[in-house]
Amino acid sequence: MSSNLDDMYREIILDHFRSPRGKKEVDRADISSDGQNPSCGDELSLQVEMDHDVLKDVHVSCRGCAISVASASMLAETIKGKSFEEVKALAETVKKMLKGEPTELPDDLGDIEALQGVRQFPVRIKCALLAWVTLVEGMKSYENGHAGHTTVSTEDGNGKTEK
Amino acid sequence: MSTDAANKTGKPVTLDAFDTERIKADFPILQEQINGHRLVYLDNAATTQKPRVVINALIEHYRKNNANVHRGLHTLAERSTEGFERTRAHIARFINVPDTGEVILTKGATEAINLVTYGWGEHNIKPGDEIVLTEMEHHANFVPWVTLAQKKGAVIRRIPITVCGHLDLSDIDKIITPKTKLLALCHASNVLGTINQVAELAKRAHEFGAVVVGDGAQAAPHMTVDIQQLGVDFYAFSAHKMLGPTGVGVLWGRRELLENMTPFNYGGEMIREVGYERITFNDLPWKFEAGTPNIADVVAFDEALTYLEDIGMDRIRAHEMALTKYALERLSEISGIEIQGPQDVESRGAAISFTDPTIHPHDISTFLDSRGIAIRAGHHCAQPLMRTLGKVATARASLYIYNTESDIDALYDALLEMRKYFGV
Ligand SMILES: Cc1ncc(COP(=O)(O)O)c(C=O)c1O
């Protein structure tokens with residue numbers, strides 16, 4: 001599995017893990033959403049400042065494994081300056097990519113592509129998804145006109161336990 | 001090694017006298033290569049590996065003796081029943097219980113504890129009664145009681161832990177009181193390793209007439225357990241954590257209590273006479289063993305007990321103490337690694353939980369696996385304890401009879417390598 005190990009922890013991923021992007025606070029949190037993976041204990045908090053239809057700035061902080069931290073960092077780097085619709089489409093693509101469903105990977109996927117190796121470690125897929133799920137929930141609530149806070153768990157109701 | 005760790009012949013026990021290489025050779029799985037490395041199995045608190053004699057006993061049972069127990073009047077049925085009951089008698093001797101009727105076979109420690117919750121708790125816990133637990137319980141000895149308390153309107157009280165990972169008994173007078181109906185505590189913690197003062201606490205609880213349940217899942221595999229000395233009323237453990245097959249557990253209970261309890265499962269085997277109006281239940285222990293039990297695995301568990309006894313439980317404890325001491329020393333050489341639980345090996349077992357300041361336990365486990373080292377990472381079914389520790393998860397290395405200093409060295413080397421790999 002050593003080669004798999006390097007597949008999952010690609011150099012780009014380790015780089016994001018060591019120095020996560022998106023650390024700077026946003027001026028105004030139009031979207032604010034928290035996410036967690038209870039069984040891993042990963043915790044993530046995310047704020048977005050909107051400018052009309054565009055995600056102008058994003059702050060994300062994540063306490064968790066290398067995969068969840070790196071994925072959150074990549075998200076922060078990628079979504080800035082994109083429109084609502086673009087980000088939603090991107091979130092769908094990332095989800096499909098991680099779950100191994102057929103999808104066309106756009107050219108501007110950037111570092112996110114490096115997360116593909118996570119597919120070989122099924123229990124880690126939810127770690128890579130955490131930031132995206134948290135963002136999408138926050139966006140939904142913003143769209144529906146609910147200001148304030150959302151909280152999501154990637155494990156709701158699937159009854160997974162751990163010994 | 002101190003002389004108080006001397007075995008029964010008075011010969012001092014040392015690591016040399018404990019022939020780990022010979023023991024290792026008895027476990028076929030330890031010859032496996034994992035990801036190109038020698039398997040270093042350090043997940044023994046989750047389940048242990050099985051020696052050849054146990055594996056062979058399973059095969060032997062199915063090849064030569066297989067039949068249902070207690071029912072048939074033919075040779076195989078007799079053999080099967082004899083093997084099944086032989087294990088029960090062996091378990092009784094192993095924990096120093098004279099009455100084999102008090103030894104109930106379950107599918108694991110979890111089921112054993114649930115049997116007490118349903119069979120005893122349902123009828124004896126009343127609104128306002130207090131159930132005392134400790135802060136270090138496994139979910140198996142936590143969830144059943146909390147659920148029962150909710151159902152009955154009873155109150156859960158907890159014995160907290162000190163920063164060193166011992167039970168904090170400073171306020172025990174306020175926790176175990178005349179209101180206490182039940183005390184449930186682990187004999188040894190699966191996260192902190194702590195060995196609890198069960199006898200002392202049981203005595204205290206008994207002063208108020210409370211019933212005491214000991215969770216021995218992490219103790220029975222590692223030390224001499226003498227039920228008479230412990231003074232508990234129920235004691236639960238699992239065969240698979242002590243070289244035996246999965247799917248076998250033990251509930252020991254005091255006869256007076258067991259006789260007044262209702263069965264947990266109803267069906268065949270647990271009855272004496274069945275009619276439309278009236279059903280009488282079977283004697284102990286069969287009253288609690290409805291249906292066809294896990295015969296082959298129970299039969300094979302006998303070999304596991306023999307294997308442990310041949311080494312000697314006191315020598316196993318001495319070996320683990322020496323090895324735990326070595327592991328604690330080695331791990332604390334790595335800067336930043338934080339070890340949970342007591343540091344003195346006298347008061348702890350061989351489950352060692354640790355964390356790294358920047359690398360998540362799941363990353364630790366994944367990395368170690370790539371080096372052939374099996375540990376566990378997560379909340380270890382002890383979320384209330386994790387909250388107390390302020391951790392969401394820990395990595396846990398847990399040792400057993402076949403582990404050696406070289407296994408600890410492999411762990412140490414891999415942890416250093418891991419830090420380089422993650423660049424922290
Ligand atoms: C302290 C403790 N109690 C109870 C259990 C439950 O044992 P089982 O899963 O075999 O029923 C465990 C096993 O993880 C344990 O460590």
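The values are calculated or read from the model by the stated rules, or taken from the named source; none is laboratory data. This one's a predicted model, so the numbers in the text were calculated from it and none came from an experiment. So basically every Cβ, Gly included, is an ideal-geometry build from the backbone, and we count neighbours across all protein chains shown. What goes into the accessible areas is simple: the full protein's heavy atoms, side chains included, and nothing from ligands, DNA or RNA. Shrake-Rupley method; radii C 1.70, N 1.55, O 1.52, S 1.80 Å.
If we keep just the residues of the stretch A:12-36 that are touching a residue at least 60 places away in the same chain (Cβ under 8 Å) and within 30 Å of B:Gly36 (Cβ to Cβ), which is most open to solvent (accessible area, probe 1.4 Å)?
A:Ile12
Given the residues B:Thr87, B:Thr81, which is the only one that is polar (S, T, N, Q), buried (at least 21 other Cβ atoms within 10 Å of the Cβ) and away from the ligand (no atom under 13 Å from the Cβ)?
Residue meeting the stated conditions: B:Thr87.
Filter the stretch B:96-117 for residues that are of a type in the set (A, V, I, L, M) and away from the ligand (no atom under 16 Å from the Cβ); which is nearest to the other protein chains (Cβ to nearest Cβ)?
Here the residue is B:Val103.
Find the residue count for the stretch B:390-424, including only residues that are surrounded by fewer than 19 Cβ atoms within 10 Å (Cβ to Cβ), of a type in the set (A, V, I, L, M) and away from every other protein chain (no Cβ under 14 Å).
1
Quick one: would you say A:Leu109 is more than 11 Å from the chain's Cα centre (by Cα) and part of a loop (DSSP other than H, G, I, E, B)?
No, not satisfied.
Is there any pair linking a residue in the stretch B:74-91 that is closer than 14 Å to B:Glu60 by Cα and in contact (Cβ under 8 Å) with a residue 12 or more places away in the chain to one that is assigned to a helix (DSSP H, G or I) and among the acidic types (Asp, Glu), with Cβ under 9 Å and at least six apart or on different chains, and which?
From the stretch B:74-91, the pairs are B:Gly83/B:Asp302.
So B:Glu320 clears everything in (1) buried (at least 20 other Cβ atoms within 10 Å of the Cβ); (2) away from every other protein chain (no Cβ under 11 Å); (3) of a type in the set (Asp, Glu); (4) out of contact with any His (no Cβ under 9 Å at 6 or more places or on another chain) except one condition, right? Which one?
(4)
Would a scan of the stretch B:113-130 turn up a residue that is assigned by TED's automatic domain parsing to the domain that holds B:Asp283 and within 20 Å of B:Thr388 (Cα to Cα)?
Looking through the stretch B:113-130, none of the residues is assigned by TED's automatic domain parsing to the domain that holds B:Asp283 and within 20 Å of B:Thr388 (Cα to Cα).
Look at the stretch B:18-53 and say how many of its residues are away from the ligand (no atom under 16 Å from the Cβ), β-branched (Val, Ile, Thr) and under 26 Å from B:Cys381 (Cβ atoms).
3
If we only count strands (runs of 3 or more DSSP E) wholly inside the stretch B:152-250, which ones have 2 or more residues that are more than 27 Å from B:His380 (Cα to Cα)?
B:180-186
Looking only at the stretch B:359-389, count how many residues are part of a loop (DSSP other than H, G, I, E, B) and either at pLDDT 95 or above or within 9 Å of chain A (Cβ to nearest Cβ) (or both).
8
Within the stretch B:327-358, which residues are within 14 Å of another protein chain (Cβ to nearest Cβ) and either assigned to a helix (DSSP H, G or I) or under 30 Å from A:Gly117 (Cα atoms) (or both)?
Residues satisfying the conditions are B:Ser353, B:Thr355, B:Asp356, B:Pro357, B:Thr358.
Per-residue answers, yes or no, for (1) within 27 Å of B:Asp168 (Cβ to Cβ); (2) open to solvent by 10 Å² or more (accessible area, probe 1.4 Å); (3) of a type in the set (Lys, Arg):
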residue: B:Phe354; (1), (2), (3): yes, no, no
residue: B:His360; (1), (2), (3): no, yes, no
residue: B:Arg371; (1), (2), (3): no, yes, yes
residue: B:Ala374; (1), (2), (3): no, yes, no
residue: B:Ala382; (1), (2), (3): yes, no, no
residue: B:Thr388; (1), (2), (3): yes, yes, no
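Taking the stretch A:92-106 on its own, how many of its residues are farther than 17 Å from A:Asp7 by Cβ and of a type outside the set (Lys, Arg)?
8
Go through (1) in contact with a helix residue (DSSP H, G or I) (Cβ under 8 Å, 6 or more places away or on another chain); (2) open to solvent by less than 50 Å² (accessible area, probe 1.4 Å); (3) closer than 18 Å to B:Glu346 by Cβ and name the single condition B:Val250 misses.
With (1) in contact with a helix residue (DSSP H, G or I) (Cβ under 8 Å, 6 or more places away or on another chain); (2) open to solvent by less than 50 Å² (accessible area, probe 1.4 Å); (3) closer than 18 Å to B:Glu346 by Cβ applied to B:Val250, the lone miss is (3).
Looking only at the stretch B:118-138, count every residue that is open to solvent by less than 10 Å² (accessible area, probe 1.4 Å) and either closer than 22 Å to B:Glu269 by Cα or within 16 Å of the ligand (Cβ to nearest atom) (or both) and tell me the total.
5
Regarding the stretch A:62-72, can at least one residue be identified that is in contact with a strand residue (DSSP E or B) (Cβ under 6 Å, 6 or more places away or on another chain), assigned to a strand (DSSP E or B), within 13 Å of chain B (Cβ to nearest Cβ) and among the basic types (Lys, Arg)?
Checked the stretch A:62-72: at least one residue is in contact with a strand residue (DSSP E or B) (Cβ under 6 Å, 6 or more places away or on another chain), assigned to a strand (DSSP E or B), within 13 Å of chain B (Cβ to nearest Cβ) and among the basic types (Lys, Arg).
Filter the stretch B:245-263 down to residues that are within 13 Å of the ligand (Cβ to nearest atom) and farther than 14 Å from B:Val103 by Cβ, then give me how many there are.
Residues that pass the stated criteria total 3.
Could you check, for the stretch A:154-162, whether at least one of its residues is open to solvent by 50 Å² or more (accessible area, probe 1.4 Å) and of a type in the set (Gly, Ala, Ser)?
For the stretch A:154-162, residues open to solvent by 50 Å² or more (accessible area, probe 1.4 Å) and of a type in the set (Gly, Ala, Ser): present.
Considering only residues of the stretch B:186-235 that are within 14 Å of another protein chain (Cβ to nearest Cβ) and open to solvent by less than 20 Å² (accessible area, probe 1.4 Å), which is farthest from the ligand (Cβ to nearest atom)?
Filtering the stretch B:186-235 for residues that are within 14 Å of another protein chain (Cβ to nearest Cβ) and open to solvent by less than 20 Å² (accessible area, probe 1.4 Å), the one farthest from the ligand (Cβ to nearest atom) comes out as B:Val191.
Quick one: which of A:Glu77, A:Glu104, A:Glu49, A:Glu85 is more than 11 Å from every other protein chain (Cβ to nearest Cβ), over 15 Å from the mean Cα position of the chain (by Cα), farther than 30 Å from B:Ile373 by Cβ and assigned to a helix (DSSP H, G or I)?
Checking each option against the conditions leaves just A:Glu85.
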